[in-house]
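Trainee: Just dropping this structure here.
All of the numbers you see were taken from the coordinates with simple rules; none came from a lab. Everything numeric here is computed off the predicted structure, so don't read it as measured data. Here the Cβ is made from the backbone with ideal geometry for all residues, glycine too, and neighbour counts use every protein chain on show.
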């Protein structure tokens, strides 16, 4: 979250500007569009599907990716409302969602592990369940 808030994410656009010999292209490795922070986390067509699915499964109808991005940028994560069926708070949900996507993205970049939406959805669900179980355990 610190890197996201302070715009210190090593996107292809930034790396191609700072290290042009090592990173010749500003393009996203998944879709080929220019990769800036907004694209990396939200607007890449592959990741857009991830967010669309999470919004439909856990968040209040009418929530958009732009709402999430705005809430993250101003650190007002409670502004995003979860459905009553969601077992965790909106701040935890958003942190988990970004964390799981971040892990999958860098596994793809550094270890050539294919970016699989199904795998990211599964890991996100497991992390949400684990968070809920930890909260429940603490309450007992």
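Trainee: Would you please put 94-102, 28-36 in order of how densely packed they are, using the mean number of other Cβ atoms within 10 angstrom per residue and starting with the highest? Before the final figure, lay out each step's value.
Mentor: On the way: 94-102: 19.3, 28-36: 16.3.
For the peptides 94-102, 28-36, the packing ranking is 94-102, 28-36.
Trainee: To continue, here is another question. Please work out which option in (1) 13.5; (2) 9.9; (3) 9.0 gives mean projected area of the Cα convex hull in nm² calculated from these coordinates, and answer with its label.
Mentor: Given (1) 13.5; (2) 9.9; (3) 9.0, the calculated one carries the label (3).
Trainee: Helix 117-139: angle to the longest alpha-carbon principal axis of the chain, degrees 0 to 90, nearest 10?
Mentor: 40
Trainee: How much length, in nm to one decimal, is gained on full extension between residue 33 and residue 135, taken as 0.36 nm per residue of separation minus their Cα-Cα distance?
Mentor: Going from the current span to full extension adds 32.7 nm.
Trainee: Take residue 75 and residue 48, extend 7 Å from each Cα along the Cα→Cβ direction, and tell me the distance between the two endpoints in nm.
Mentor: Distance between label points: 3.1 nm.
Trainee: Could you tell me the distance between the Cα centroids of region 86-140 and region 13-47, to the nearest Å?
Mentor: After rounding, the separation between the Cα centres reads 23 Å.
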